[in-house]
Amino acid sequence: MKMGPYIKAGLITLFIFVSGIMFGIFIDNFRLSEIRERISRVEVSSLDAMLMSLYFQKFGKGACDIALDTNLRFNQRIYSEGSRIEEAIKVNMFTPELEQEWRRYILLQVQFWFNSVELKKNCNFNYSNVVHLFKLKIEDPQEKALNKLQSQIMLNLKQKCGNKIMLIPITTDSNLSIVDAVVKQHNITKLPAIIIDEEKVFQGLTSLERLNEVTNC
Amino acid sequence: MYWIDAILLAALFLICYTMTFHLILWFENRNHLYKRGYKKQKLPDLSLIIPAYNESNGILNTLKRLLKVNYPRNKLEVLVIDDGSEDNTYQIAKDFSKRHKFIKVFRKRHSGKAASINFGILKAKNEFVGVMDADSHLTPNALLNCMKYFNSDDVAAVTTRILVKQKKTLLEKWQDIEFKIIALARKIKESLNLIDVTPGPLSIYRKKALIKVGMFDEKNLLEDMEIAWRLLKYGYKINMAYDAKVYTFYPGKFLAWLKQRTRWHIGWLQIITKYLNSIFKDHPVGTFLLPVALLSVAFQAIVTGIIIYLFLTWLITMIYYIHNSLVLKIMPQIFYFDFQPNIFTFYGILFSILGIYFSLVILRQYKKGPRIFELMSFIFLYSYLPFLMVFVYSLFKILTRRYSWLTK
């Protein structure tokens, strides 16, 4: 039996496959660097907002509005950036570093949350801090559906309430001790969960109407 | 990397290898498709067997068309084997044979197509026996062209180019494209003696070889493929007369198509099971056909399982999502699409380009090609979804033991 075409086909297939993997690595790395850049921008905005709050806390409350404006602008970007990173994590195959970026992003959210709490207290603002806790990697279809719907509800809430709420999405399966502590402290056993103004906790699917009632919207 | 991705990549590797292998053979053989294996020689005597079961609608037409076939009448005998039809197939053929002495009609108890062919082989008086379906239409030179490809004593069979007769429905048009592609893919594999089927619409055999290998397997659902594998296993060669065209009817409705393909699929699985102990033996079945078939079955099973799992997960998620959306009076966002290219995008695009290129190369040979929509829907729809159904339906049939060969 002739072996020519078998070996030729094997070599060409190998070449095509290696090219495909190179392409995959290139695309994944491209996406990773894009995400890194986005997170860096978010990090700068977050630091800016945090320092602004700190500045006014230390040197006077006269310009609290400027600090609030900085925080709100940062908050506007959170959901869109977050969903972009979530999608990237799902499709990237060759860049486990992306998970690390995701964890960095979650820490920024937590940092922003604490900053927002301080700002509200020191400047006597009446906006609500709404923390949305959820899992990123879900296999169970029912949980997946609830997660999707809760995210949609949270977006609707933000659209409706605008500057009256600070919406902070945080994933609980990011293996971060601060997030685990939050979950433990609030006795959260069921996700998605919503923490409003660090007091009220809602576990499982929570409707827009219910959230409307409990926020200062 | 998740295990699903790893399995899909391995399946893509196999698909890529198969496509590349065919493309290489195509480039190597493209200039002598019509003449490869051709040898001018004295025309031998031929017996043409037509097994028929309840073919009263088409048998007369088939026999009439045979009169137009160019083959010396003194060298040709036609044997119509009526397989215990419940209609008047036998009577129609018998009446016709009275006016044409080279046509003989036999009747036997119903025992299946393979048994009818074997019955015909034993009745045939010539060294070469052709087998054709009762609804096949031979082009005038089909038999003459076929005989030229018996170019050496070890050629046990010559197959033909099978084309679709009726192209009214979209399904028939898809099959028309499919069989044109299959015909060329089969011809280019001739150089490696890898033709793995001698199709029922028309194939010609050396009677001596058939007798030696034990004739057709009467228990197999795909007797025309099984006999080809057996001939190859015994060291024979199978050639293809690309210039011998035969038209036949294929199902125009989906359920009939599904039934036919399921039968073929289960027959194929029967063959794989039967030849398992030939793996890696020094013949085309052992070194190529069987390993490729086993890998195909394995990947088909796993990938089908993955697709069904992903689809069901998505479906259940959507049901929960829509149900809860309606309860909470929120407009569900069903058609959310965020395109993120990755490694599978690369292979998807590459294989689509190769598939379109290979299809166009083949279809260019025909005067009337398919429309863009027909070709695109063939590549992106017909090639995947219906065959997934065939696999699942075959599995269901096997698991529910609806085929007697499983219980024996």
Of (1) at pLDDT below 90; (2) surrounded by 17 or more Cβ atoms within 10 Å (Cβ to Cβ), B:ILE7 satisfies all except one. Which?
(2)
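Identify, from the list A:ILE12, A:ILE16, A:ILE21, A:ILE35, the residue that is buried (at least 17 other Cβ atoms within 10 Å of the Cβ), within 33 Å of the chain's Cα centre (by Cα) and among the aliphatic types (A, V, I, L, M). Before you say what the answer is, go through the steps one by one.
On the way: A:ILE12 fails: within 33 Å of the chain's Cα centre (by Cα); A:ILE16 fails: within 33 Å of the chain's Cα centre (by Cα); A:ILE21 fails: buried (at least 17 other Cβ atoms within 10 Å of the Cβ).
Only one candidate qualifies: A:ILE35.
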Those residues of the range A:113-134 which are surrounded by fewer than 18 Cβ atoms within 10 Å (Cβ to Cβ) and either within 14 Å of another protein chain (Cβ to nearest Cβ) or among the aromatic types (Phe, Trp, Tyr) (or both) amount to A:PHE114
Which one of these is away from every other protein chain (no Cβ under 14 Å) and out of contact with any strand residue (DSSP E or B) (no Cβ under 7 Å at 6 or more places or on another chain): B:PHE351, B:PHE346, B:PHE373, B:PHE339?
B:PHE373
Output the residues belonging to the range A:187-217 that are without any contact (Cβ under 8 Å) to a residue 24 or more places away in the chain and part of a loop (DSSP other than H, G, I, E, B).
A:ASN187, A:THR189, A:LYS190, A:GLU199
Of the residues B:LYS189, B:LYS212, B:LYS208, only one is over 16 Å from B:PHE128 (Cβ atoms) and either part of a loop (DSSP other than H, G, I, E, B) or not aliphatic (A, V, I, L, M) (or both); which?
B:LYS189
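Take the residues in the range B:150-169 that are among the charged types (D, E, K, R) and in a loop (DSSP other than H, G, I, E, B), then tell me which one is nearest to the chain's Cα centre (by Cα).
Going residue by residue through the range B:150-169, those that are among the charged types (D, E, K, R) are B:153-154, B:161, B:165, B:167-168.
Right, trim to in a loop (DSSP other than H, G, I, E, B) and you get B:153-154, B:165, B:167-168.
Working: B:ASP153: 26, B:ASP154: 24, B:LYS165: 15, B:LYS167: 18, B:LYS168: 20 Å.
Taking the candidates together, the pick is B:LYS165.
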Residues in the range B:264-284: is at least one crowded, with 20+ Cβ neighbours inside 10 Å, part of a strand (DSSP E or B), more than 15 Å from the chain's Cα centre (by Cα) and not basic (Lys, Arg)?
no
Can you confirm whether the range B:51-60 contains a residue that is at pLDDT 95 or above and closer than 29 Å to B:GLU190 by Cβ?
yes
With A:ASN156, A:ASN163 as the choices, which residue is in a helix (DSSP H, G or I), more than 22 Å from B:MET331 (Cα to Cα) and at pLDDT below 90?
A:ASN163
Say we look at the range A:61-112 and pick out the residues that are within 14 Å of chain B (Cβ to nearest Cβ) and outside any helix (DSSP H, G or I); which of these is surrounded by the fewest Cβ atoms within 10 Å (Cβ to Cβ)?
A:PRO96
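Is it the case that the range B:359-371 has a residue that's at pLDDT below 90, among the β-branched types (Val, Ile, Thr) and either under 21 Å from A:SER19 (Cα atoms) or in contact with an Asp or Glu (Cβ under 6 Å, 6 or more places away or on another chain) (or both)? Even if it seems obvious, please write down each step before you answer.
Here is the first cut: in the range B:359-371, the residues at pLDDT below 90 are B:359-371.
Of the ones still in play, those that are also among the β-branched types (Val, Ile, Thr) are B:361-362.
With the extra rule that they be either under 21 Å from A:SER19 (Cα atoms) or in contact with an Asp or Glu (Cβ under 6 Å, 6 or more places away or on another chain) (or both), the set shrinks to none.
Taking every residue of the range B:359-371 in turn, none turns out to be at pLDDT below 90, among the β-branched types (Val, Ile, Thr) and either under 21 Å from A:SER19 (Cα atoms) or in contact with an Asp or Glu (Cβ under 6 Å, 6 or more places away or on another chain) (or both).
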Unique match (being buried (at least 16 other Cβ atoms within 10 Å of the Cβ) and either more than 8 Å from chain A (Cβ to nearest Cβ) or at pLDDT 85 or above (or both)) among B:THR317, B:THR313:
B:THR317
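May I ask you to say which residue of A:ILE27, A:ILE16 is under 30 Å from B:ALA10 (Cα atoms), touching a Pro at 6+ places or on another chain (Cβ under 6 Å) and without any contact (Cβ under 8 Å) to a residue 24 or more places away in the chain? Give the derivation first.
Working: A:ILE16 fails: touching a Pro at 6+ places or on another chain (Cβ under 6 Å).
Being under 30 Å from B:ALA10 (Cα atoms), touching a Pro at 6+ places or on another chain (Cβ under 6 Å) and without any contact (Cβ under 8 Å) to a residue 24 or more places away in the chain holds for just one of A:ILE27, A:ILE16, which is A:ILE27.
Taking the condition out of contact with any Cys (no Cβ under 6 Å at 6 or more places or on another chain), surrounded by fewer than 16 Cβ atoms within 10 Å (Cβ to Cβ), among the charged types (D, E, K, R) and part of a loop (DSSP other than H, G, I, E, B), does A:LYS184 pass?
On the way: out of contact with any Cys (no Cβ under 6 Å at 6 or more places or on another chain): yes; surrounded by fewer than 16 Cβ atoms within 10 Å (Cβ to Cβ): yes; among the charged types (D, E, K, R): yes; part of a loop (DSSP other than H, G, I, E, B): no.
In short, no.
Which of the residues that make up the range B:215-239 are surrounded by 20 or more Cβ atoms within 10 Å (Cβ to Cβ), outside any helix (DSSP H, G or I) and among the charged types (D, E, K, R)? Break it down into steps so the answer makes sense when it comes.
Within the range B:215-239, the first condition is being surrounded by 20 or more Cβ atoms within 10 Å (Cβ to Cβ), and the residues that meet it are B:215-217, B:220-232, B:236-239.
Restricting the remaining residues to those that are outside any helix (DSSP H, G or I) gives B:215-217, B:220-222, B:236-239.
The answer is B:ASP217, B:LYS237.
Has the range B:129-149 got at least one residue that is in contact (Cβ under 8 Å) with a residue 24 or more places away in the chain, more than 16 Å from B:SER203 (Cα to Cα) and either in a loop (DSSP other than H, G, I, E, B) or of a type outside the set (A, V, I, L, M) (or both)? I'd like the intermediate steps shown before the answer.
First pass over the range B:129-149, keeping only residues in contact (Cβ under 8 Å) with a residue 24 or more places away in the chain: B:129-149.
After this cut, where a residue has to be more than 16 Å from B:SER203 (Cα to Cα) as well, the list is none.
No; the residues of the range B:129-149 include none that is in contact (Cβ under 8 Å) with a residue 24 or more places away in the chain, more than 16 Å from B:SER203 (Cα to Cα) and either in a loop (DSSP other than H, G, I, E, B) or of a type outside the set (A, V, I, L, M) (or both).
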Being among the small types (Gly, Ala, Ser), more than 12 Å from chain A (Cβ to nearest Cβ) and touching a strand residue (DSSP E or B) at 6+ places or on another chain (Cβ under 6 Å) narrows it down to one of B:SER47, B:SER56, so name that one.
B:SER47
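A quick yes/no check of all residues on (1) outside any loop (DSSP other than H, G, I, E, B); (2) hydrophobic (A, V, I, L, M, F, W, C); (3) out of contact with any helix residue (DSSP H, G or I) (no Cβ under 6 Å at 6 or more places or on another chain):
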residue	(1), (2), (3)
B:THR287	yes, no, yes
B:PRO291	yes, no, yes
B:TYR309	yes, no, yes
B:ILE316	yes, yes, no
B:LEU326	yes, yes, yes
B:ILE353	yes, yes, yes
B:PHE373	yes, yes, yes
From (1) touching a strand residue (DSSP E or B) at 6+ places or on another chain (Cβ under 9 Å); (2) at pLDDT below 95, pick out the condition that doesn't hold for B:LYS219.
(1)
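The values are calculated or read from the model by the stated rules, or taken from the named source; none is laboratory data. This is a predicted model, so every value here is computed, not measured. Quick reminder, even Gly has a Cβ in these numbers, built from the backbone with ideal geometry, and neighbours come from all protein chains shown.
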